[in-house]
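Just below is one structure, and these are the notes that go with it.
The values are calculated or read from the model by the stated rules, or taken from the named source; none is laboratory data. Since the structure is predicted, the reported quantities are computational estimates derived from the model, not experimental observations. Neighbour counts run over all protein chains shown; Cβ positions are idealised from the backbone, glycine included.
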Amino acid sequence: MVGKKGLEMDRYGEFSKIVKKINCFWLISSYNEISIVYVSRGKMKESWKQRIENCFFRIYSSMEKNSLLNSVKQGFVLVMPIFVIGGFVLLLMNIPVSAVNQFIRIVWDARLFQALNILYDVTFGCAGLYVVLAVSYKFSIYKFGQRYASINIISSVVAMMSYMALVGWRVFTLDAPSAVPDVMFRYLNVNNVFIALLTAVGATELFFITYRGFDRATHNIYLGGDKEFSAAIKAIFPMIGTVSAFVVVTLLVNLSGFVNLQELIVAGLTFPFRLLGTGLDSALLIVFLQTFLWFFGIHGSNVFESTNDLIFVGATEGISKSFLDTFVLMGGCGSSICLLVALLLFSRSKRNKITSRSAAVPMLFGINEILVFGLPIVLNPVLFIPFLAAPVVLLFTSYAALSLGIVPRVPAMEFRWTTPIFASGYMFSSGAGELLLQLFNIVLGMLIYLPFVKLNDKLQRRKFSANIREMTAYLQAKELQAETVEFFSMTNHLYGTAGEFAQLLRHDIDYGAITLFYQPLVSAEGRVIGAEALLRWGADTEEYFYPPLVVSIAKEDGTFDMLTKRIVTEVLDDLVRLNRDREEKISLSVNLQIGQLINEAFTDWLISEVHKREIGEKLFLLEITEESRLNERYELTALFDKLKANNIEVSLDDFSMGQTSISYLQQNFFSHVKLDGSITKKMMNNQRSQDIVKSIIDLGKSLGFEVVAEYVETSEQRDLLKKMGCYIYQGWLYSPAIPFDAFEAYVNKINRKGEGATENQPLAVFS
């Protein structure tokens, strides 16, 4: 399933790219090399498009590796469920059908709306607090690392305390402080997200600087307790200093006549609008600003909610808030409905398709958080350009329609923001012109988004592939050191890639999009007698991922058993297809870990799947690597006997002459033993390797198991193995791992004609 056969990265990488990218090809074996003759799609010379793509890719990469920007992005991803829940609560509180609202009020009276108000209070009502905690926690991991979990938590608490001090619960005068009513949700709600973001970053940075200085000063002082206790004690004075700094800021804001920093910022934001009035210029400015804030993950609509009220409260005709929501900000900020249409119709990215389908229904009601954070648009320099440009362009087209009389100038009317598109156009003035304008704006906005959606697809694939290569190199380095890797515990950009990787893997497991290749097992007579199933999965990239990386991520994500079951199911189905109407049966093998077989539920499932397909004897093999710890032999004996009794053979993979390997053969567990590739590859130039191979072959004859040689790459190597008494070979001399259809064609070509496979024979022809 996940063996490393043929996975020398130069060969494996190039072969996988060719398999997925070219239109058709021939594979021709010639001793130690695989010649590939193919018709490719052609390679374009570097053009201005390529230069733009490279420029954006460099921006992508630098932003991805920036700890501050990543913290903001990851922090807002953490609170995204809260915003989504809050959005749906608002939807229920503002159902765009008056009759439904009246019915709910009659049936449920005030109890339902009381419950909804409570849900609003604990979601949007505390949004600022959640943003502070999430962003500061992520930023503290970058600053402090994950050495002490308590410090990351304390840093978040410090940021929360600083934020609560900054929002100003009281108005301070020289005489006496006066309490502000309803302070809880008035100053912690979604309108304060911008202040929350600034506080999270500023407080965490200040706490880090002061803590680091205090830690150096007290480095040689024993504070008692363990390291966690010592770290917590050292945090006291930096905590006091950080919070005090934000208290001072609040006092200074109070002296200027404002309750808190939020009111000061709102006053500054609303001042230009008071000068501009309620015309096109004012609408243009507010559309631009609230869209611009989304780049940093700040909910622009909520930040400017109070500002909107001040701007549009006096509008009697022409541009109003409902006018903007109906014709410009369709689906939310950035005219998101246009982006959704472009993604659904033209995006080739699997992950973007998944995200857009998930966001489709909420966006009909103006809830676009899933799309904004899921793609993401936040900190995405490519998609942000049309996200900012589309509503500006649509504002001009809508204003032109208003000026030309296509859309009538009606008194400002405020209907619910959750009103679906086209329904809002009809409700605006009950005319056909409004519906046509909405449709025109959607098409125009989609065309604005389209080139950037395609460019974003390319850059995402490129960035994702680059990160996967980095993860692969890191994993291979750790494999050489016999160390385990936990990608989900990383604090750099690979953490996000690992999460995306796991999500795509889970999706493809669910939908059966996992690819298997088969590497033939060839007898000394040159006939194909079996094959090993090898995992080949690459999501929507142009190359397949390193199989041990897929396994590592699957284990961390908890999907390893799901992946294994999917692979076993496909292998069994392929086994039935392969041997249908075939006199000379072909066996297939799949890699499993002993820990999975020890699980009785898994073993029973495996046996049931074999029985369901009526798999014959010695046709289905399980390969267990030497790395697996086969302890508690009294249990394993019963297990292997149970498997053999149900037509499931067991093979030992990657066998060498180590003490562990020899001990495995003390029990009659295995029908086949595969020689470790490190031995077979060296045997031509190493007499000791030859002696080891000969000893294992002789041991197989005396103990009654078949010996299979892996990594057979030359005819000389095969001839020497045959002379020693090994008669089953697997390697590039005959074929790399190839897709099932190609493998089936290979078997038919070799076995039916009775020619026998040789190193000079075409392996397969397929397109």
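Some observations on this one:
- Selected residue (criterion: surrounded by the fewest Cβ atoms within 10 Å (Cβ to Cβ)) from residues of segment 301-332 that are at pLDDT 85 or above and outside any helix (DSSP H, G or I): Val328
- Condition check for Tyr511: among the hydroxyl-bearing types (Ser, Thr, Tyr) and buried (at least 19 other Cβ atoms within 10 Å of the Cβ): no
- The listed residues are Glu706, Glu710, and the only one of them that is modelled with pLDDT of 85 or more, in the same structural domain as Thr637 (by TED's automatic domain parsing), crowded, with 22+ Cβ neighbours inside 10 Å and closer than 17 Å to Ser651 by Cα turns out to be Glu710.
- Identity of the residue in segment 612-643, surrounded by 11 or more Cβ atoms within 10 Å (Cβ to Cβ) and among the small types (Gly, Ala, Ser), that ends up modelled with the highest pLDDT: Gly616
Yes/no matrix, rows are residues, columns are (1) among the aliphatic types (A, V, I, L, M); (2) at pLDDT below 90; (3) farther than 22 Å from Ser589 by Cα:
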site: Ile696; (1), (2), (3): yes, yes, no
site: Arg718; (1), (2), (3): no, no, no
site: Tyr727; (1), (2), (3): no, no, no
site: Ala742; (1), (2), (3): yes, no, no
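- For Asp574: the one exception among (1) in contact with a strand residue (DSSP E or B) (Cβ under 7 Å, 6 or more places away or on another chain); (2) buried (at least 22 other Cβ atoms within 10 Å of the Cβ): (2)
- Taking segment 674-736 as the region of interest, the helices (runs of 4 or more DSSP H) fully inside it that hold 2 or more residues being farther than 20 Å from Ala533 by Cβ and among the basic types (Lys, Arg) are 687-703, 715-724.
- Qualifying positions in segment 485-523 - among the hydrophobic types (A, V, I, L, M, F, W, C) and under 12 Å from the mean Cα position of the chain (by Cα): Phe488, Leu494, Ala498, Phe501, Ala502, Leu504, Leu505
- Given (1) touching a helix residue (DSSP H, G or I) at 6+ places or on another chain (Cβ under 9 Å); (2) small (Gly, Ala, Ser); (3) not in a helix (DSSP H, G or I), number of the condition Gly499 does not satisfy: (3)
- Val528 satisfies every condition listed in (1) surrounded by 15 or more Cβ atoms within 10 Å (Cβ to Cβ); (2) in contact with a Lys or Arg (Cβ under 6 Å, 6 or more places away or on another chain) except (2).
- Every listed requirement among (1) surrounded by fewer than 16 Cβ atoms within 10 Å (Cβ to Cβ); (2) hydroxyl-bearing (Ser, Thr, Tyr); (3) more than 30 Å from Ser320 (Cβ to Cβ) is met by Thr497 save one, (1).
- Complete set of residues in segment 581-606 that are among the polar types (S, T, N, Q) and in contact with a strand residue (DSSP E or B) (Cβ under 8 Å, 6 or more places away or on another chain): Ser587, Ser589, Asn591, Gln593
- Hey, Val107 at pLDDT 80 or above and out of contact with any Pro (no Cβ under 6 Å at 6 or more places or on another chain) or not: no
- Total residues in segment 53-78, condition under 18 Å from Ser155 (Cα atoms), more than 18 Å from the chain's Cα centre (by Cα) and small (Gly, Ala, Ser): 1
- Selection count where residues are assigned to a loop (DSSP other than H, G, I, E, B) and within 19 Å of the chain's Cα centre (by Cα), scope segment 336-381: 9
- Matching residues in segment 595-627 - criterion: being of a type in the set (D, E, K, R) and outside any loop (DSSP other than H, G, I, E, B): Glu600, Asp604, Glu609, Lys612, Glu623
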